[in-house]
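Right, one structure below, let's go through it.
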Amino acid sequence: MLQRKHFLFESTKGRVYPDRLMKKKHAHYLPLTENMLQIYRNGSGETRRELHRRVEQIFLEKEDCPVRRIQAFCKLLDDASEYDHKRTEDSYVLRRKVFEYAAPFHPLVSEKNRLFEYEENEIKKKIIKALDEQGLLEKSLNESSFQHWRKKWKEIEARLFSDVPEFHRLSYFHGYPSPESFLARYNIAQIQVALYFAVDLVIRTEHDLKKIIRCAKLFGLMHTIRKIGKDRYQIRLDGPSSLMRQTRIYGVALARFLPALISCQGWKIHARLRMPPSGWWASLELSEKDGLHSENASPQKFDSKVEENFFKKWGDKPRKGWTLKRETEILSHYQKVFFPDFVFYHENGRRIYMEIVGFWTPEYLEAKAKTLRQFQNNPIILAVHESLVDKLPSLPLPILAYKKNLKINWVLKTLSEN
C-alpha cells in the first residue's frame, strides 16, 4: 500500500477528493503504464533506484503527472516485486574498508600524468588485494588479485550498498494483469491513504451485509450495526484517529478493508478525517456509483484462529445432538442488529448462539456489552479470552473463558446447562 508521503488530493468545502485517474481524461496513461510494467518485467537484476529512474523518464515531460504520483506508481510496482536482500549484513563493513583503502589515493584518473598519479584501475586492484587478504571477498572469486580483477570489482560494487533499499536488486516481478488493473489499484490506494486519517467510517448498505461484517471482523475493525430501514443497514467503524494507541496498525487494517468493501454491492460510505499537520476536519464520501474496481477475492472464511480451530475440531457431525453453523442468522432488536459468530442447533429444535470476544479497547467492550444487553433475551453464550473476563462489563449471560483455544467439552457442558 501507499504511504502518507504518496497522498495526493484536492479539497473543496471540507471534503477531500483523493487523486484519481479517469478512463477518458487519462486515457493516454494506458500506454505509459504498459511501459512501466514492461520495465519491471524485464528489470531482473536492476537496482530499485535504476528502475525508479527509468519510470521517472516515462513521465518526465508529462505536465499532468506530478512527482508524487510518479513516486506512488513506483511504490505500487515495488509492492508487486521481490528484491534480493542477500548478504546485507556485511555491506557496512565492506563499504568502510573500501573507503578506508581508497582515501589516500584521491583523486583518481583514468590515465595518470604528472599532476595526477593515481590511476583508477591500479587503485582498484590494490583495494581488491587488500580485501582478499582481509577475507572480505567471496571464496569462489579468490583468484590472484591481478587476475580477473574486473569480475572481482563487479562483485564488490554489487555488495557495497546492498543494505540500502535503493540498491536492492529486483529478483522477481509478480506484476499486474493489465495497465487498467494497475491504474484501478492506484485509485484505490490513494483512498486507502485518506483512511489513515479517519476518525470514523459509516457504511450504508442494502446488500452483502454479511460479507461486509465478515470482512470488518477479519481485519479486526471495531464496528456497530443498526437497521435504518427495510433491508437497509448502517455500519459504523472506528477509525485510527479515534484510538489512543496502535493507530498505525489500525489505520492499515482499515485501509486493507477498503478493497473488500468495494467488491460488495449497494454500499456508500462517509468518513470523518483529521488531516495533518494541523488536524483540520474533512470528509470523504464514496459509493458504488463512483465506479471503483477491486479485484479483491472473497474474504477468508474465519475471523480468527480461535474460530477456525474450534469450527474444524467440531466438524460436520452432531455432538450430543448439537450441530454447529457459522454466521447463519441475523438478530434484530428495533434498530439494532447483531451477528452471532456461531449458532448451535439441537435435534429437538433448540438453538443457542455463541459470540467470541477477543482483544478490544475498553470503549469497544462497553459498546459490545451494551449490544449484548439488548439481545439478552436470546440464548447467547459468550466465549471470552481469559485476559478480558475481569474487564468485560457485567452481563446476564453465561461466560466461557478460554486461553488459546475453545475446549469442545466445555462448550458442550455450557450448552447443556443453558
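The values are calculated or read from the model by the stated rules, or taken from the named source; none is laboratory data. Source: prediction; values computed, not measured. With ideal geometry, Cβ positions are generated from the backbone for all residues, glycine too; neighbour counts draw on all protein chains shown.
Descriptive notes on the structure:
- Cβ-Cβ distances below 7 Å connect no pair with a first residue in segment 342-357 that is assigned by TED's automatic domain parsing to the domain that holds K210, a second residue that is surrounded by 14 or more Cβ atoms within 10 Å (Cβ to Cβ) and aliphatic (A, V, I, L, M), and a separation of six or more residues or different chains.
- Any chance E308 is modelled with pLDDT under 90, outside any loop (DSSP other than H, G, I, E, B) and either surrounded by fewer than 17 Cβ atoms within 10 Å (Cβ to Cβ) or of a type in the set (S, T, N, Q) (or both): yes
- Residues that are at pLDDT below 90 number at least 1 in the following strands (runs of 3 or more DSSP E) confined to segment 232-292: 232-238.
- In segment 32-63, the residue that is surrounded by the most Cβ atoms within 10 Å (Cβ to Cβ) out of those that are out of contact with any Lys or Arg (no Cβ under 9 Å at 6 or more places or on another chain) and outside any helix (DSSP H, G or I) is K62.
- Residue-level analysis places G321 among those that are at positive phi, at pLDDT 80 or above and surrounded by 14 or more Cβ atoms within 10 Å (Cβ to Cβ).
- Residue that is farthest from F173 (Cα to Cα) [pool: residues in segment 83-120 that are among the polar types (S, T, N, Q) and without any contact (Cβ under 8 Å) to a residue 12 or more places away in the chain]: N113
- The residue that is surrounded by the fewest Cβ atoms within 10 Å (Cβ to Cβ), among those in segment 157-179 that are in contact with a helix residue (DSSP H, G or I) (Cβ under 7 Å, 6 or more places away or on another chain) and part of a helix (DSSP H, G or I), is E166.
- If you go through segment 396-418 and pick out every residue that is among the β-branched types (V, I, T) and in contact with a Leu (Cβ under 6 Å, 6 or more places away or on another chain), you end up with 2.
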